[in-house]
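Before any comments, here is the structure.
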Amino acid sequence: MKLKFNLIALTLVLIFFVSCSNSNKNDNKGTKNDETEQLKHNDSKKDSKNVHWSHHKGEDGPENWKNLCDDFADCGGNSQSPINIDNNSIFKVNDLVTAVFNYGKSKVNIINNGHTVQFNIDGENNVNLNGKNYKLLQFHYHALSEHTIDGKHFPIEVHFVHKHSDTDYAVIGVMYVEGKENKLLKKYLDKIPTSKGDFKSNDTIDILEILPDNKSYYYYNGSLTTPPCTEIVNWYILKNPLEASKEQIEKFSEILHNNYRPVQPINGRKVKQYLEK
Ligand SMILES: [Zn+2]
């Protein structure tokens, strides 16, 4: 009986090593405080935290994420993000409603985790999206934009990550265009660590002020855009962009260093839109 138990234990250990066989070339540093850190559904997800992945072409690049570890298998799924949003193929329905924001002021802790620059948020900041409440966890940046609109990239895209439950997230994406100086970037761009590190701010920011006034949005079902690429995200891409100056965009893009995943096949998914008056 004891021998049988030992054999089962040994088998389980072997399965573990096979499932994350590539994790031996870890650099362990990259994924802490990552946008996926809040998504530890079970113990096996913790193991995949140590698998090294990159936004850049190569063995650990986006094309190979699905092969890096069993837990990243979703990266090869059918409902992946980002996508190209084609204005000529919007599914015309009137079943969406206006987003109701209950955002307040929050202290921020800015982290450069090697994959993105992330503003961690404290306090209760919620948004009601089509009847469901989602709590804001953090927002972070990509350059270039991850989503494209009519085939066009924007220089920067910010993602506001919200959670309703372990299997129900909502991410609000907002594009940046070149224009007026951006207030938030003016305040923090010089303080953002240019390599891995963090900056704690004692002052507060009014989160609603960061968003465009008009909150018309595109909506579709997709995934996290970084491993494990879990397909649990309701995507809301705002139609109106934010502005930042040429210098701000250049400086921030240098820090973000092309941290965008290429667009993924839409596979018949419907993109809807809600137009705010
Ligand atoms: Zn993101």
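The values are calculated or read from the model by the stated rules, or taken from the named source; none is laboratory data. Since the model is a prediction, treat every value here as computed from it, not as a measurement. All Cβ positions, glycine included, derive from the backbone under ideal geometry; neighbour counts span all protein chains shown.
In the set (1) away from the ligand (no atom under 16 Å from the Cβ); (2) touching a strand residue (DSSP E or B) at 6+ places or on another chain (Cβ under 9 Å); (3) under 26 Å from Trp53 (Cβ atoms), Gly77 fails one condition alone, (2). Of the residues making up segment 235-253, just one is of a type in the set (Gly, Ala, Ser) and part of a strand (DSSP E or B), namely Ala244. Would you be able to tell me the number of residues in segment 105-129 that are at pLDDT below 95 and farther than 30 Å from Thr194 by Cβ? Of the residues in segment 105-129, 1 are at pLDDT below 95 and farther than 30 Å from Thr194 by Cβ. Give the residues of segment 232-255 that are closer than 22 Å to Lys132 by Cβ and within 15 Å of the ligand (Cβ to nearest atom), sorted by residue number. Listed by number, the residues that qualify are Ile232, Val233, Asn234, Trp235, Tyr236, Ile237, Leu238. Scanning segment 164-183 for residues that are part of a strand (DSSP E or B) and more than 14 Å from the ligand (Cβ to nearest atom), which turns out nearest to Tyr217 (Cα to Cα)? Going through the qualifying residues, I end up with Val177. For segment 91-118, filtering for residues that are without any contact (Cβ under 8 Å) to a residue 40 or more places away in the chain and not in a loop (DSSP other than H, G, I, E, B) leaves 2. Filtering segment 195-202 for residues that are assigned to a loop (DSSP other than H, G, I, E, B), charged (D, E, K, R), touching a residue at least 12 places away in the same chain (Cβ under 8 Å) and more than 17 Å from Val117 (Cβ to Cβ) leaves an empty set. For segment 119-134, give me each residue that is assigned to a strand (DSSP E or B), over 27 Å from His52 (Cβ atoms) and within 18 Å of the chain's Cα centre (by Cα). Answer for segment 119-134, where residues must be assigned to a strand (DSSP E or B), over 27 Å from His52 (Cβ atoms) and within 18 Å of the chain's Cα centre (by Cα): Ile121, Asn126, Val127, Leu129, Tyr134. Remark: Val263 matches the filter, which requires a residue to be touching a residue at least 40 places away in the same chain (Cβ under 8 Å), surrounded by 13 or more Cβ atoms within 10 Å (Cβ to Cβ) and touching a His at 6+ places or on another chain (Cβ under 9 Å).
For segment 213-229, check the following and say yes or no: at least one residue is without any contact (Cβ under 8 Å) to a residue 60 or more places away in the chain and aliphatic (A, V, I, L, M). No, segment 213-229 contains no residue that is without any contact (Cβ under 8 Å) to a residue 60 or more places away in the chain and aliphatic (A, V, I, L, M).
A quick yes/no check of all residues on (1) assigned to a loop (DSSP other than H, G, I, E, B); (2) surrounded by fewer than 17 Cβ atoms within 10 Å (Cβ to Cβ); (3) under 15 Å from the mean Cα position of the chain (by Cα):
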| residue | (1), (2), (3) |
| --- | --- |
| Ile205 | no, no, no |
| Leu208 | no, yes, no |
| Thr226 | yes, no, yes |
| Ile255 | no, no, no |
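Considering segment 137-157, and only residues there that are touching a strand residue (DSSP E or B) at 6+ places or on another chain (Cβ under 8 Å) and more than 14 Å from the ligand (Cβ to nearest atom), the residue that is nearest to Gly179 (Cα to Cα) turns out to be Pro155. Out of contact with any Gly (no Cβ under 6 Å at 6 or more places or on another chain) and in a helix (DSSP H, G or I), is that true of Leu137? No, not satisfied.
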